[in-house]
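Worksheet for the structure shown next.
The values are calculated or read from the model by the stated rules, or taken from the named source; none is laboratory data. Note that the structure is a prediction, hence the values are computed from the model and not measured. As a convention, Cβ positions derive from the backbone with ideal geometry for all residues, glycine included, and neighbour counts pool all protein chains shown.
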């Protein structure tokens, strides 16, 4: 769906970085000469490390690849103390193979696949252990969100992008309810995307496109979607504004960006509310140590406002044990218990007594959900804003 | 009465598209290689899992083969691109009109990209290739680094370069 991207090269002396983007398919050394001149200029202008940023270079022919190799070889001679750091993304499938090869060939070259660790919590977020958590969450949230989406501007036959789509179930539900003209889900977890694809296939849905991608460097065209969503995702990144900038870029002027995030310390369960509160406060701290902000929800209003969105709307999905299927709600909390006391506690090396106390808090939350006299909440914050026409 | 039935041959690729381009048309512009590669890749990948990833890979590989054909300069005639797929692979066949000299060149170049030693040769000769790239170097890299299969089939006055690409 994307149009051909023209080639661009930018040098930032301040960052000692050359960013190459788009399509670079020269016919020969002559056609590559302007690029080589920019690279030589950059190499002359810096000391220590020169970063070559290939994150958005989608196409490079072998002629261009050899010319880059020639530049690296020349650098080794002309600037023996200069290191070249090639920054590549696994989203461009040929890049790790080719640049990894260059890294092995040249002693002055280091290759960094930046999206192997582009946010601190990635290792515990992008694996299939999280699938049951996500699945149950969507089940419970959708019954509330279905109507709420209309209030935030989602209508029929729109072009929709669901960024950080996870296991893709929201995209399926939106597809069924809103009959979009086009819908694409992007995520950086291959296990999630495989699950998404399998689920769509089982439901006989072939019109949802799923892409492996990096939310901070999307290969989606600018100004091309009526409705851009990112649900329960910004809170797990250490640099949410870098994603938000991409959401804005792909949104059409006049279109809306729609976000949901939590305020985990607002999760509540009575009667054992102190135990519940301790667990969520501590879970937030654990998440914080991995760069996540699980209290991000209420901050969205100011973030969207500061970014120049118009008609910013914000509300809360008030999930409680009075308005939600008890078993579903309890299953969500049980899946959190499993995830936080398992994967997350292991990754952050929590002592056994802390894990046990965390576990008790989740169980007390479930008790509150199931108890005839109990009251339990899980509020989710929803915000959307309109991208200005200009 | 008995009969010796041959075992059924494995099913061939399901055809997806066939394109015919005049040799002159291709030579009008170097950028035709990438436009054609991008178009074919996008068409073939459109209904697959993660079409953007498959498009990027297919376009990268097809473009390399088309650039090789562009440089090989066949004489007058038509280049035919036929693309099909099996459960595991996308298979693209590029039929190129050949005279004797070009047929020999295809034989030589494709003969030098055999998968058995492609990686070792690419690594060993990389330094010299940077300075003086051999004609088949782009094809060699496809086999050596990207796990693509390239073979040559010869017909009457034509060579067929067969590119076999795993779906994932």
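A count restricted to the range A:95-109 and to residues that are more than 8 Å from chain B (Cβ to nearest Cβ), without any contact (Cβ under 8 Å) to a residue 40 or more places away in the chain and in contact with a strand residue (DSSP E or B) (Cβ under 9 Å, 6 or more places away or on another chain) stands at 8. Residue B:48 meets the conditions (1) in a helix (DSSP H, G or I); (2) within 30 Å of residue A:55 (Cα to Cα) in every case but one. The failed one is (1).
I want to confirm something. Restricting to the range B:106-164 and keeping residues that are in a loop (DSSP other than H, G, I, E, B) and away from chain A (no Cβ under 14 Å), which single residue is surrounded by the most Cβ atoms within 10 Å (Cβ to Cβ)? Quick ask: steps written out before the conclusion?
Residues of the range B:106-164 that are in a loop (DSSP other than H, G, I, E, B), as a first pass: B:112-114, B:132-136, B:147-148, B:156-157.
Now restrict to residues that are away from chain A (no Cβ under 14 Å): B:112, B:114, B:156-157.
Details: B:112: 17, B:114: 13, B:156: 5, B:157: 14.
Within the range B:106-164, the match that is surrounded by the most Cβ atoms within 10 Å (Cβ to Cβ) is B:112.
Of the residues making up the range A:144-156, none is part of a strand (DSSP E or B) and more than 12 Å from every other protein chain (Cβ to nearest Cβ). Inside the range A:154-176, residues that are out of contact with any strand residue (DSSP E or B) (no Cβ under 7 Å at 6 or more places or on another chain) and at pLDDT 95 or above make up a count of 3.
Let's see how each residue does on (1) more than 12 Å from every other protein chain (Cβ to nearest Cβ); (2) surrounded by fewer than 20 Cβ atoms within 10 Å (Cβ to Cβ); (3) not in a helix (DSSP H, G or I):
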site	(1), (2), (3)
A:166	yes, no, yes
A:173	yes, yes, no
A:176	yes, yes, no
A:185	no, no, yes
A:196	no, no, no
A:210	no, no, yes
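Out of all the residues in the range A:342-358, which are in a helix (DSSP H, G or I) and modelled with pLDDT of 95 or more? If the condition is that a residue be in a helix (DSSP H, G or I) and modelled with pLDDT of 95 or more, then A:352, A:353, A:354, A:355, A:356, A:357, A:358 are the ones that fit.
Residues of the range A:16-37 that are more than 14 Å from chain B (Cβ to nearest Cβ) and under 19 Å from residue A:108 (Cα atoms): A:16, A:17, A:18, A:19.
When the range B:76-99 is filtered for residues that are surrounded by fewer than 21 Cβ atoms within 10 Å (Cβ to Cβ) and over 12 Å from residue B:161 (Cα atoms), the ones remaining, listed by number, are B:76, B:77, B:78, B:84, B:85, B:86, B:87, B:88, B:89, B:99. Of the residues making up the range A:80-94, those that are away from chain B (no Cβ under 14 Å) and assigned to a strand (DSSP E or B) are A:83, A:84, A:85, A:86, A:87.
Considered as a group, the residues in the range B:66-75 that are away from chain A (no Cβ under 11 Å) and assigned to a helix (DSSP H, G or I) include one that is surrounded by the most Cβ atoms within 10 Å (Cβ to Cβ), and that residue is B:69. Note on the range A:215-225: among residues that are closer than 29 Å to residue A:291 by Cβ and within 12 Å of chain B (Cβ to nearest Cβ), the one that is surrounded by the most Cβ atoms within 10 Å (Cβ to Cβ) is A:218.
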